[in-house]
Amino acid sequence: MKKTFLVILSIILAVSAFAQKQTFDVVSYAVPKGWQQQQNEGGVQLSVTDKNTGGYFIAIITKSMKSSSSANENFNTNWESLVKTTVQVNGEPTMQEPAKDNGWDIISGGANYTDGDNTGMATLLTATGGGQTVSVVIMLNSKQYEKDMTAFLNSLELSKAPSGTAENTTSNTNNNSSSPLVGLWCDNHLETSGYANGYPQYSAGYYRREYLFNENGTYIFRAKNWSTLLKEILFVYETGTYTLQGNRITITPQNGSGEWWSKKDNNPNLWGSRLKSSSYKPEKTTYTFEVKYYSGSNGYALLLDPRKTTERDGTYNNPTSFSYQKKEDGVSKIDNPPGFKTGFEIKTNGKITNASTSTNTSNNTQKSNTQSSNKSKRCTSCAGGYNLCTLCGGTGRTWQQQQKFNPATKQYEYTRELAPCTFCSGMGKIRCKVCNGTGFVK
């Protein structure tokens, strides 16, 4: 495999001996005889398989993306999203000396992997330049294709890196103002005790999570679980920075914690006293994301796919994503515990603002909520501000055609899978138009 790495380091410097070459985006390459080729908007995949021996060689060339990250950061991000989500690698990648050519900074590395009963070598080459990044992924489990691999690698060429740099998305700038992610995104679910005549029976409990993405590249994550099945309240708080690269977002926590609180008078709007810390541990996570508009809820949803279970989002069930709804008014339903300062407190009007301009505590919010409830009546047109989605029947999932990478066949395939409902954005319910989702009317 040392020979393989020596070849990889000379990919960009090599002169192709093939007469006919193809070009995808910024990468030119020659396809060896007998190889299969599949192309979509995100990249091109080349592969060859021996059905008798089970040997295969796969090469994936990604489409270039805007990036303000360094070459090393891009390599680490792509190793997580392109390699570790496809096969089970055995340890960290063995890195090679960085190379430069035609305006690109080239980082390469590889590691052994396990794929069912097969073992092989996964190699990633990432080139960064001119505010863009592009990657080539190699997966090989048999020596019989080493000559073909060498010929393919020697045929690779990168066009000259574009001039200029991408907009910085770190916390040092304010260039995220045009990002569709800036704002408050919430996942609010009411607790149910079962179904009657096909309709959910809601209890007083709820499960709430939210992301607040700021223009300066910082974020705040909070969660509050008040369940009728538990004696305690769970509160989670986390802050840090986020970076964007194409359709990927990397969330890097700087601090955060989870706490268990007692209930007060069994009232879902009140806090008791702090009991103990929870086992919550902040973790750096890279997601693929998509912002969608749903006519049923008349709003936008942020779909986050970490390809794994996370502390922030919960248990991951492939192939679904975690869905968060955009709160255009910036009103949060999560109140902080008494005396807890996050740096972004909730004012009595519900708006999230900096703590330096607002010293209102959770107790003031509780009092305001109680007074407001006394002046309003429960909405009779819904159950807790929402009605059952008629498209998905309240499940939040519908059968949809998806394009997924199949590790078994090593191909991108179209499959019919359960995905977040396009009408209710995966919530399983539609916001009531009479009370605007509050559950109360004057």
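Quick check: anything in the range 104-111 surrounded by fewer than 16 Cβ atoms within 10 Å (Cβ to Cβ) and of a type in the set (S, T, N, Q)?
Looking only at the range 104-111, we keep the residues that are surrounded by fewer than 16 Cβ atoms within 10 Å (Cβ to Cβ), and these are none.
Looking for residues that are surrounded by fewer than 16 Cβ atoms within 10 Å (Cβ to Cβ) and of a type in the set (S, T, N, Q), one finds none in the range 104-111, hence no.
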(message) Of everything in the range 305-321, what is in a strand (DSSP E or B) and either modelled with pLDDT under 85 or more than 21 Å from F235 (Cβ to Cβ) (or both)? Give them in sequence order.
(response) D305, G314
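If you check E328, E238, which single one turns out to be acidic (D, E), buried (at least 18 other Cβ atoms within 10 Å of the Cβ) and in contact (Cβ under 8 Å) with a residue 24 or more places away in the chain?
On the way: E328 fails: buried (at least 18 other Cβ atoms within 10 Å of the Cβ).
Testing whether each residue is acidic (D, E), buried (at least 18 other Cβ atoms within 10 Å of the Cβ) and in contact (Cβ under 8 Å) with a residue 24 or more places away in the chain leaves just E238.
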(message) For the range 241-276: of the residues being at pLDDT 90 or above and among the small types (G, A, S), which is nearest to the chain's Cα centre (by Cα)?
(response) G258
(request) Considering only residues that are touching a residue at least 12 places away in the same chain (Cβ under 8 Å) and more than 15 Å from F152 (Cβ to Cβ), look in the range 50-60 and name the one that is surrounded by the most Cβ atoms within 10 Å (Cβ to Cβ). (result) G55
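I'd like the full set of residues that are loosely packed, with under 13 Cβ neighbours inside 10 Å and under 15 Å from F340 (Cβ atoms), limited to the range 256-275. Before you say what the answer is, go through the steps one by one.
First, the residues of the range 256-275 that are loosely packed, with under 13 Cβ neighbours inside 10 Å: 262, 265-266, 273.
Residues satisfying the conditions are S262, S273.
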(request) With respect to K160, determine if the residue is among the basic types (K, R), in a loop (DSSP other than H, G, I, E, B) and modelled with pLDDT of 85 or more. (result) yes
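The values are calculated or read from the model by the stated rules, or taken from the named source; none is laboratory data. All values reported here derive from a predicted model rather than from experimental measurement. With ideal geometry, Cβ positions are generated from the backbone for all residues, glycine too; neighbour counts draw on all protein chains shown.
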